[in-house]
Every structure is written in structure tokens, then in C-alpha cells.
Amino acid sequence: MIKFKLEDAKKIGSELGIDFKEFSVEDFLYGMNIEAEHGAEDKKTDVGADDPLIAGKIALAHLLESPNYYKELEKMEKKLERKNEINMPKVYYCRHIEKGVARYDDGLYLVQDECLHKMKKSMAGVPVYVGHQEIDLQNLKEQADGYVSECFYNEFDGWFWAKFICVSDKCRMAIKEGYSVSNAYMITDSAEGGVYHNINYAKEVLMGSYTHLAVVEDPRYENAFILDEEDFKMYNNKLRDQKELHNNKKNGGTKMFKLFKFKKEEVKEIDNDTLIELENGKTIKIQEMIKTVIENEKDEDEKKKENEVDMGAKVKVGEKEMTIKELVNKYMEMNKNKKNEEEEEDEEEEQKKKENEDDNKKKEEEENEDDDKEKEEKKNAKEAEEIKKKLADAEKEKKIENEKNKKHFDKIKNDRENNNKAEFDKEEVEIMEDKIKRGKEKY
């Protein structure tokens, strides 16, 4: 497609007698290039606009109708592009929670990384709403503006992120308007309050389950935000490069801040909405920095006068006098000692906690060993009882068998004695007289 230059626009403008009072030569050039789209490149729509004179005449006709014709046309095309873009479901990434103390309706709560790592599995599948809402399971499909697919820890910034798909125009428009994100979860286990980095908190969350993710204007965590897939990739790459620079011992140069707007194109102009990425990975808008600086610079002269103190002046502290400088040094030393003591207490508490865990684990193992030993003894006793019973049964059977055999033997013995006696009775004893009588009868 032909691309006309400014010289072409000026030449054709001169030929057509245009004074460029109602519109600029740049507007005329823009119109000529728009009309050149209807040139020989597409024969179906070719009106000869490759010719600069024809393109100029068409552009002039439109600009005479309205000097803002092509500006309005551009706005309308961009609006149409946004509408087409909105109608499709889109994947986003958001950082929504980090360890530390946060304010809830009933006070400050402490949430540590260990708890957040355990909770992250519960976020997969929860609904996304524009604004916090009560969950209606029966109408979830109609009410939900999206769904979370996963929750993960980002090692580059120390935050927990969620990946979610946005399915409603309401949700996509809210994100385009700069809404942030907040989460909601039910606490299932907690501990009593305490002090974390010199901040008193009412409760420590030990375990919970996410219920939904909300796209909101005012998030609970002020540094939470939402990115699309491309911007999330760019964001992580920036932090990865920054981490590599910090780890590179050879890099002795001055570190520079990074300016961006979480968009694909480079930032050519810096305005109040431009974000600055600090060395710690956190981001802040320029307008917020300006507001903070202006507030701090109010009544600067009066503050300086108030702060102008004679460091050599003496004040009475208890029963002795000290200079302001000595007092400041003493106070700083006490704070330093206090901080060191608190850190030592934290370390001792952590060590004690670890020792208690080790003792409990050892005790549990010993109890398990005792249980196993008791079970083994019971098992051995049961087996011994069974063996003893079997031996007794065998002895009893043996005794019965012996008695049975003895009876059988006695019977055989008695039968034999009776038979011998009968045989003896049958035999006749022949005496001498019988023999003589038998001889006489014979002869």
C-alpha cells in the first residue's frame, strides 16, 4: 500500500487550493493515507486512490464535511476494536496476597508464608466477582464473572499470584479501568495474637480456604494488581533481570529505576499514571510520589525551625544533665539494644518452638515404639497360649489313646488265659490203674 509523505500533502493541497485553516496539513496527510487503502492493492475496492490527487480530493471532501472526520473515524475504529476484544474470554494474572499483617473487619491478622503455601491449593476453581459477594452455588454460573485456575508463589517478588479467566464484559471493563484485586477466605485454624515487627496483631491465621476472588477498586493489599498474559511475562522478565543484576558481583554501576505502564509498547512519555519499579520490586505511580513529596514539603520552613536544635544544649535527665546529642545517642543505643533483644527473643522463641517440635516428634516416635512393642508382646502371648493349648490337647489325645490301647491289651491277655484253661480241662490224666484196666480189656 502506498504511503504518502508530508511533501505530497502540501503539493496536492496547493493544487486544490487548500488554505489549511479549518484543518491542519497533518490531518490532510492522515486522510490521504486512509483513502490510499482503497487503491490497487484490492481490486474490489480500488477507486484509484493510489493517485495522490484522487486520494487528496476524497480526503478533502470528508474534511469539508467535518474537520474532525478522520479523528472521529479513528476513535470509532478503536472503540470497535475494544468491543471485539472485550467480547472474548481472557486470561489474567494477579498478585493478591503476601505474608505479613493485614487489616480485616475485626482487627489486624498475621499470615505467614507457610500458611499461604498450604492454602493456595484451595483457590483453584473458586469464582471471580466484580466486588465481594456472598456465594450462591445454585446461581454460580449466572453470577460469576470468572474462575481461578491456579494459585502460585512468585519467587521474584515474594507474592502469591492467581491465574484466572474473565468471562464477563463487566469484569473485563473493570480491569481495563484499573481495578485491582482482593481475595476472600474462611479461617479454619488460628492462634492467639502477638507482635510482628513491632506491630500488635489480634490473631494469626494458621489455615484457611479461599472462597472467591474479587476485582475491586480498593484492595486490602495496596500493592496488589492485575496483568494480562503478556504484561505478566514482561513483569517477571524485568524482576528476573533485576535479580541477576543484584547477583552479578562484576556489576558495579549505578542501579537505575525502571519506568513502565504494564503495556506492550514502550513508555515514550512520562505522565502521572506512569509506574516506577523500585529496587525492591515494588511499584508506585508518579502521582503518588508527587503527592507524598508535596505533603512532606508543606511548611518546610517551620519544620526546619522546629528541628533546629542546639545539640550542645543540656537537659535534665533524672538526676543528671545530658546534652541533646548525648540524649539522642543514648536513645538510639537503647532502641538498637531493644531491637537486638527482640531479635534474640524471636530467635530464642523460634529455637524453642523447633525444640518443642523435635521433642513432640521424638515423644510421638517413642509412643509409637511402645505401642508396637506392646502389640508384639500381646501377639507373642497369644501365640504362646495357642501353642500351650495345642500341647494340652495333644497330651489329652495321647492319654486317651494309651487308655484305649491298654484296654485292648488286657482283653487280649484275658482271652488268651481263658483259652489255655479250656484246653487244659480237655486233656485226661491217665493213671496206672487206668493203664492196667485198658490192658486187661485188650487181651
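Residue check, SER66 against (1) under 54 Å from the mean Cα position of the chain (by Cα); (2) surrounded by 12 or more Cβ atoms within 10 Å (Cβ to Cβ); (3) outside the structural domain of LYS203 (by TED's automatic domain parsing), all met but one. Which one?
Among (1) under 54 Å from the mean Cα position of the chain (by Cα); (2) surrounded by 12 or more Cβ atoms within 10 Å (Cβ to Cβ); (3) outside the structural domain of LYS203 (by TED's automatic domain parsing), SER66 violates only (1).
For the range 178-199, how many residues meet the condition of being free of Cβ contacts under 8 Å to residues at least 40 places away in the same chain and under 12 Å from ILE226 (Cβ atoms)?
The total comes to 1.
Taking the residues in the range 131-148 that are under 14 Å from CYS94 (Cα atoms) and touching a helix residue (DSSP H, G or I) at 6+ places or on another chain (Cβ under 9 Å) as candidates, determine which candidate is modelled with the highest pLDDT. Steps first, please.
Going residue by residue through the range 131-148, those that are under 14 Å from CYS94 (Cα atoms) are 146-148.
Within this subset, residues satisfying the condition of being touching a helix residue (DSSP H, G or I) at 6+ places or on another chain (Cβ under 9 Å) are 146, 148.
Details: GLY146: 93, VAL148: 96.
Only one residue fits best here, namely VAL148.
Working only within the range 1-36, note down all residues that are exposed (fewer than 13 other Cβ atoms within 10 Å of the Cβ) and of a type in the set (A, V, I, L, M, F, W, C).
Selection gives MET1, LEU6.
How about the range 214-245: which of its residues are under 16 Å from the mean Cα position of the chain (by Cα) and β-branched (Val, Ile, Thr)?
ILE226, the sole residue that qualifies.
Scan GLU341, GLU365 and give me the residue that is part of a helix (DSSP H, G or I), under 14 Å from ASN198 (Cα atoms) and either without any contact (Cβ under 8 Å) to a residue 12 or more places away in the chain or of a type in the set (A, V, I, L, M) (or both).
GLU341
Could you check the range 78-93 and list, in sequence order, the residues that are of a type outside the set (A, V, I, L, M, F, W, C), surrounded by 11 or more Cβ atoms within 10 Å (Cβ to Cβ) and modelled with pLDDT under 85? Outline the logic, then answer.
Kept after step one, since they are of a type outside the set (A, V, I, L, M, F, W, C), are these residues of the range 78-93: 78-79, 81-85, 87, 89-90, 92-93.
Subsequent filtering for residues that are surrounded by 11 or more Cβ atoms within 10 Å (Cβ to Cβ) retains 82, 85, 89-90, 92-93.
If the condition is that a residue be of a type outside the set (A, V, I, L, M, F, W, C), surrounded by 11 or more Cβ atoms within 10 Å (Cβ to Cβ) and modelled with pLDDT under 85, then ARG82, GLU85, PRO89 are the ones that fit.
Condition first: loosely packed, with under 14 Cβ neighbours inside 10 Å and of a type in the set (A, V, I, L, M, F, W, C). Now tell me which residues in the range 195-228 satisfy that.
Hits for the range 195-228 are VAL195, ILE199.
Against the condition closer than 25 Å to GLY194 by Cα and in a helix (DSSP H, G or I), how does GLU350 come out, does it pass?
On the way: closer than 25 Å to GLY194 by Cα: yes; in a helix (DSSP H, G or I): yes.
When the stated conditions are applied, GLU350 passes them.
Grab the strands (runs of 3 or more DSSP E) fully contained in the range 175-248, keeping just those with 1 or more residues being under 30 Å from GLU347 (Cα atoms) and outside the structural domain of SER122 (by TED's automatic domain parsing).
none
To keep it simple, each residue is scored yes or no on (1) among the polar types (S, T, N, Q); (2) at pLDDT 80 or above.
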{"residue": "LYS303", "(1), (2)": "no, no"}
{"residue": "ASN307", "(1), (2)": "yes, no"}
{"residue": "ASP310", "(1), (2)": "no, no"}
{"residue": "ALA313", "(1), (2)": "no, no"}
{"residue": "MET322", "(1), (2)": "no, no"}
{"residue": "LYS336", "(1), (2)": "no, no"}
{"residue": "GLU349", "(1), (2)": "no, yes"}
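The values are calculated or read from the model by the stated rules, or taken from the named source; none is laboratory data. Everything quoted here is computed from the prediction, not taken from an experiment. Using ideal geometry, Cβ is built from the backbone for each residue, glycine included, and neighbour counts are taken over all protein chains shown.
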